[in-house]
Amino acid sequence: MLVVVVAVAAVVAVTPEGQLRALGTRRAASSDDNFGPGGRTRPLPVSRRFRITFRIAKIVLAVVVIFAVAVGLLFVLTPSAGQATALAQAQAREHHIAYPGPQVPLYFAQALVATEDHRFYTDPGVDPLALARVVVSWVTRHPDQGGSTIDQQLAKNLYTGGHSGFTQDLEQLALAVKLNRAYSRPEILRMYAEIAYYGHLYYGLEAASCGYFGRPPDRLTLVQAAMLAGVVNAPTYDDPLVYPRQARTRLVHVIGRMAAVGYLTTAQETAALNAPLGLSAVRGCQ
């Protein structure tokens, strides 16, 4: 990663902010030359405006090229996507759950995609709009609040220990593209569901389904699947057994997202919001 850090440092050195500040200093030093008779400001000569525009264009191009080189290096230096299955198996063993687990039920997949990454089936593992926000937030030093794709979240949990930061985010971008190329969409969802934490010490979809509802994943109702898909975002805060009010708020959001992207009709949305959650008094599948 040393090469990537050096590349990133180079970008900092040529950011438009720093270059424009230096340019502004030079212009301030010669500002007296811009005033004509009576103190009126004279327009800059065309040739000077062209030089300024050309200089800014070069700076922007340098930033783009260096960022592209850094991303290219990340593709070379980051691990292979083929390791994902072994990493998921290792996490499953650590949490004492079976791997691979059951197939992801349709309602859970729809709820997860609608809430976490509604372009999951069409994006290349990363959301180009989200990627642009990452670049802008880094250059402007304002943290981006945009969400990551499901592939990026899987890369974060499998490869970078759940940690975030600019370098880790770049790694996750490269790994997400690799995962997208190496695995089918159902395989990505299955790995994601099996290593996710659902609160209340439940790791993996089957453990959470049996723990909260006393039934395997293929018997989950729509509202139960939506709750489990929603809880992975903040499993401690949205735990329905400990914080039922927060869990209900999150569930309403998930059901709303499913309707917004077309998975549910208005009638189905209303029925789901009025359906009982059905938490089980007995933990585990019978």
Q: Express in nm, to one decimal, how much length is gained between TYR243 and ALA90 on full extension, taking 0.36 nm for each residue of separation and deducting their alpha carbon distance.
A: 52.0 nm
Q.
Going by average Cβ density within 10 Å per residue, which order do the peptides 174-187, 220-233, 54-67 take, highest to lowest?
A. 220-233, 174-187, 54-67
Q: Provide the FRET efficiency to the nearest 0.05 for the SER164-PHE50 pair, computing r from the beta carbons and using R0 = 35 Å.
A: 0.25
**Q.** Calculated FRET efficiency for the pair ALA275/LEU201, C-beta based, R₀ 35 Å, to 0.05
**A.** 0.85
Q) P(r) tail for the range 139-249, what percent of Cα pairs lie past 22 Å? A) 40 percent
Q. Viscosity 1.567 mPa s, temperature 4 °C: Stokes-Einstein D of the range 64-131 from its Kirkwood Cα radius, in µm² per second?
A. 85 µm²/s
Q) What is the Cα centroid distance between the range 232-271 and the range 190-217, reported in whole angstrom? A) 17 Å
Q: Calculate, in nm to one decimal, what LEU61 and VAL252 gain on full extension: separation in residues at 0.36 nm each, minus their alpha carbon distance.
A: 64.3 nm
Q: Taking 7 Å along the Cα-to-C-beta vector as the label spot, tell me the THR221-ALA68 distance in nanometres, rounded to one decimal.
A: 5.4 nm
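Bear in mind these aren't lab numbers, they're just calculated from the coordinates by the rules spelled out. Model, not experiment: these values are computed from the prediction. All Cβ positions, glycine included, derive from the backbone under ideal geometry; neighbour counts span all protein chains shown.
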